[in-house]
Structures are given as C-alpha cells and as structure tokens.
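What follows is one structure encoded as structure tokens, with my remarks underneath.
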Amino acid sequence: MILLSCSLGSLMAQDATTTAQGAKKKAPVKKTAIAKDSTAAEPVLKKNPYVKNTFEGNFIIDNQTVMVPVKGTFEFVIQHRFGTVDNGISDLFGIFFGANIRFSFNYVPVNDLQIGFGVTNENMQVDLNLKYALLKQRKDGSMPVSITYFGDVAMDTRKSDSTNLFVNVSDRLSFFSQIIIARKFSDAFSLQISPSISAFNNPAGYLDVNGNQDPKWNGAHFSVSASGRYKISDGTALLVNYDQPLAQQPGTGNSPHPNLSFGIEFKTSGHDFEIFMGNYSSLIPQNNNIYNPNEFTKAQFLIGFNISRLWNF
C-alpha cells in the first residue's frame with residue numbers, strides 16, 4: 001500500500017508539472033500574436049496645419065480672392081455687368097442698356113499655382129493670368145495671414161484705326177499685378193487687403209498747342225482694395241468690396257473713381273454664384289483701376305453677377 005501511494009503521488013506530480021509547463025509554453029505565443037496585431041492596426045493620421053476656406057471661390061465681386069483651388073481643379077467662369085441704374089425705368093435700370101461679358105477658364109496644374117485665360121467683349125480683349133499662393137494662414141497661429149500673388153496681361157485685339165492707333169503689338173498690351181493679404185478671423189468672417197499696380201503700354205494722349213504730346217492718362221497707376229465676407233449660413237454669405245485709387249491722372253475729370261460694391265454669394269459643391277451692385281463696369285482689373293468713370297456718390301451703380309463651375313481631375 002505504501003508503494004502504491006508513492007507511485008500514484010509521483011504520477012500526479014508529473015502530470016501537474018507537465019500541465020504547468022504546457023500552459024507556460026502556450027501563453028507567450030498567444031500574448032505575442034495579440035500584441036503584433038494591435039500594433040499593425042493603428043492608423044497614421046496627418047493633420048492639415050492650414051486654415052481652410054478663407055473665401056469660397058476665386059472672386060469676391062470685382063477682385064480676386066487669396067484662394068487657390070486644389071491641384072487638378074478646372075474652373076469655367078461667366079462674369080456679367082449691366083449698364084448703370086441712373087437712367088431708371090427707361091432701360092430697366094441698366095439691364096437693357098448693354099452689358100460687358102467675360103468668359104474665362106482656370107486650371108491648377110500643381111499645388112498652389114493657377115493659370116487662366118479669358119476673353120471679354122470690352123475692346124475685344126483677351127487676357128492671360130497667373131495666381132500663386134505664397135503663404136498660408138496656419139491653425140496654430142504661427143502664420144497669421146495668407147498671402148497670394150495675382151498677375152494679368154491683356155491684349156486689345158481691335159483693328160487699328162483713327163480712334164485706336166496701334167503701331168506695334170506691344171501697344172495693345174496692359175498689365176496688372178497684385179499682392180493679396182487675407183485673414184480668416186472666424187468661421188463666419190474673412191477680410192483681405194490688396195495693393196496693386198496697373199499699367200498700359202500705350203495710354204491715350206493728345207498734342208497741345210505747341211505740338212507736344214501730353215498723356216491723357218498715366219501709363220502706371222497704384223490702387224488698394226479691401227474686401228470682406230460674412231457667412232450667414234453654410235452656403236450663403238454677404239460680400240463687400242472697396243477699391244481706392246492712390247494716384248491722380250493728369251487733366252480735369254480724367255482720374256478714376258473709387259469703387260464701392262456689395263452683394264450676396266451662394267455656394268454649392270460645384271458652383272459659386274455672386275450677385276451684387278457696384279460702380280465698376282469693366283471686367284479686366286487694370287481697366288477698372290485706371291478708366292472707371294462711374295461715381296457711386298451720384299448713384300451710378302450697376303448690377304452684376306459672377307458664376308463659376310468647378311471640376312476636379
């Protein structure tokens with residue numbers, strides 16, 4: 001009996017030792033597998049450090065905004081300006097007086113760079129433009145503003161005659177350069193300031209009584225604009241714009257007048273629509289900044305609208 005009890009005890013001890021050793025071998029394998037799976041499942045997230053949607057589109061009434069669409073964006077734009085409203089009902093407040101119309105196409109081939117082409121019925125001008133985002137406002141405040149450059153060169157394609165004398169091709173050219181500085185203060189309110197220079201290669205002139213040529217307009221002209229947007233809903237915003245000439249032209253009554261305009265914007269996923277009133281009738285920025293004849297103090301406002309359609313490739 002003593003020998004049997006010792007044998008049974010020895011067998012039970014061996015079984016317990018074997019079971020414990022088996023448990024020790026299996027547990028590390030299971031634990032290691034779980035650790036590897038959990039590590040592989042963790043995603044790597046990249047946060048965009050820049051402030052988005054300072055403005056909804058490329059235009060804020062008559063000015064470019066600081067925005068450059070994302071790479072691969074193609075845009076088609078229709079801009080329309082009616083006549084001034086001061087004739088009243090006789091031409092239905094300028095709607096039947098006549099209109100300036102511009103069609104343009106813009107494309108973003110690489111990040112932060114947009115190139116564009118446009119054509120307008122005013123002096124049958126065609127223009128090429130470029131827009132480049134130099135700096136972007138950051139969410140952490142390390143860059144408080146966005147800064148974008150916009151440049152445009154336009155050509156007057158009318159036939160040369162007694163009223164439009166073009167000796168060389170360069171006489172048909174005009175230029176516009178602008179630095180746009182903007183800040184998004186909140187989800188609802190954004191503001192931008194934009195100094196600019198406009199230049200014409202062949203400004204209008206005349207001969208005085210002594211036969212000397214005097215310019216009717218200077219070839220270069222500085223201006224500054226201030227534009228703001230306030231969102232009243234997800235797809236609707238109020239717009240205001242003011243452009244101030246910084247230099248006077250020679251002669252009486254030749255200096256351009258400031259522009260004051262205000263409107264409303266409607267935004268969808270692929271469209272941006274603006275309707276507004278202002279006293280600028282031209283659609284090429286250098287024309288507006290040098291040749292604007294309308295005075296808002298005399299109620300020489302006109303109705304205008306911009307429509308843009310975006311595609312992404």
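The values are calculated or read from the model by the stated rules, or taken from the named source; none is laboratory data. Every value quoted in this text rests on a predicted model; they were computed, and no experiment measured them. Note that we place each Cβ from the backbone using ideal geometry, even for glycine, and neighbour counts take in every protein chain shown.
Answer with yes or no whether Asn294 is modelled with pLDDT under 95, under 20 Å from Asn121 (Cβ atoms), not in a loop (DSSP other than H, G, I, E, B) and not hydroxyl-bearing (Ser, Thr, Tyr). The answer is no for Asn294. Please verify whether Ile303 is surrounded by 23 or more Cβ atoms within 10 Å (Cβ to Cβ), under 20 Å from Ala99 (Cβ atoms) and not small (Gly, Ala, Ser), treating the condition exactly as stated. When the stated conditions are applied, Ile303 does not pass them. For segment 99-115, the set of residues classified as in contact with a Phe, Trp or Tyr (Cβ under 7 Å, 6 or more places away or on another chain), in a strand (DSSP E or B) and either over 29 Å from Ser281 (Cβ atoms) or among the hydrophobic types (A, V, I, L, M, F, W, C) (or both) consists of Phe105, Leu113, Ile115, listed by residue number. Among the residues of segment 253-275, those that are over 16 Å from the mean Cα position of the chain (by Cα) and loosely packed, with under 15 Cβ neighbours inside 10 Å comprise Gly253, Ile264.
Asp171 meets all of the listed conditions (1) part of a loop (DSSP other than H, G, I, E, B); (2) over 29 Å from Phe55 (Cα atoms); (3) modelled with pLDDT of 85 or more; (4) not small (Gly, Ala, Ser) but one, namely (1). When segment 75-99 is filtered for residues that are surrounded by 14 or more Cβ atoms within 10 Å (Cβ to Cβ), free of Cβ contacts under 8 Å to residues at least 24 places away in the same chain and either within 16 Å of Trp311 (Cβ to Cβ) or not hydrophobic (A, V, I, L, M, F, W, C) (or both), only Asp91 remains.
Can you find, within segment 164-180, the residue that is farthest from Tyr242 (Cα to Cα) among those that are surrounded by fewer than 19 Cβ atoms within 10 Å (Cβ to Cβ) and polar (S, T, N, Q)? Within segment 164-180, the match that is farthest from Tyr242 (Cα to Cα) is Asn168. Looking at segment 241-249, is at least one residue in contact with a Lys or Arg (Cβ under 7 Å, 6 or more places away or on another chain) and not in a strand (DSSP E or B)? No, the conditions are met nowhere in segment 241-249.
Tell me whether segment 236-254 contains one or more residues that are in contact (Cβ under 8 Å) with a residue 40 or more places away in the chain, closer than 20 Å to His80 by Cα and in contact with a Pro (Cβ under 8 Å, 6 or more places away or on another chain). For segment 236-254, residues in contact (Cβ under 8 Å) with a residue 40 or more places away in the chain, closer than 20 Å to His80 by Cα and in contact with a Pro (Cβ under 8 Å, 6 or more places away or on another chain): present. Candidates are the residues of segment 239-252 that are surrounded by 16 or more Cβ atoms within 10 Å (Cβ to Cβ) and under 23 Å from Ile193 (Cβ atoms); the one that is farthest from the chain's Cα centre (by Cα) is Pro245. Screening Asp140, Asp161 for residues that are touching a residue at least 24 places away in the same chain (Cβ under 8 Å) and surrounded by fewer than 18 Cβ atoms within 10 Å (Cβ to Cβ) leaves exactly one candidate, Asp140. Take segment 190-214 and flag every residue that is at pLDDT 65 or above and of a type outside the set (S, T, N, Q). Result: Leu191, Ile193, Pro195, Ile197, Ala199, Phe200, Pro203, Ala204.
In this structure, is Gly72 crowded, with 18+ Cβ neighbours inside 10 Å and in contact (Cβ under 8 Å) with a residue 40 or more places away in the chain? Considered against the rule, which asks whether it is crowded, with 18+ Cβ neighbours inside 10 Å and in contact (Cβ under 8 Å) with a residue 40 or more places away in the chain, Gly72 comes out as no.
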